[in-house]
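Worksheet: one structure, shown below.
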Amino acid sequence: MHAKRLFPVLLVIFSGLSTLSCSENGQVPNPQNTNSNRQITVSSPQPDENEELGALITLPYEPEDVVWRKSGDGRSLLAVLRFSPEDTRKIRESLTAGGQGTPRSITPEDWFPAELQAQSEANPDAMIIGEAFPATLFFQPPYGAGTITAVSGTDFFILELTAK
């Protein structure tokens, strides 16, 4: 649990030091000089994204990428998580220890990461394919029901939780 809380702090400190070391005369670089043609993808989660989500659910490992939405009434939550290859292996082992998953096809949302959007476009049905398991590893009140889908061929998981 300490690593979960320490990571955002270290990330902020490192980012600040990195910004200062890359600037001239201690001035912050002008953001207008950046390459405007680069493609923006979900790369590194904002520390507050992990922290906010971690306050709502159990995160067994620190995600490398995370995007999520909560319903207006707060009774359901949908998250896309990407873990390191090592943590992905551990999560898949934990999930399969409880039994075989079931094949699952998920319609991608427009806010899903570009990698999952591209994967769905490569499918004839424009769906994200994976294997669904009970999401008990992630439950934290009020969220006590739902599934987690391990997306085939990736380190992504799609978590769907509802409040009991």
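Read-outs throughout are calculated quantities, based only on the coordinates presented, and are distinct from any laboratory measurement. Everything numeric here is computed off the predicted structure, so don't read it as measured data. Ideal geometry is used to build each Cβ from the backbone, glycine not excepted, and the neighbour counts take in all protein chains shown.
Side notes on the structure shown:
- Integer Hz, Karplus 6.51/-1.76/1.60 couplings in order for region 111-116, x for Gly and Pro: 9, 5, x, 4, 4, 6
- Sequence-ordered 3J(HN,Hα) estimates for region 60-72 from the Karplus curve with 6.51, -1.76 and 1.60 and θ = phi - 60° stand at x, 9, 6, x, 7, 9, 8, 9, 7, 9, 10, 5, x Hz, glycine and proline given as x.
- Selection from G98, W68, Q119, by position along the positive dipole direction of region 35-163 (Cβ): G98
- Label point of E52 set 7 angstrom out along Cα-Cβ; within region 128-152, no amide nitrogen lies under 14 Å from it.
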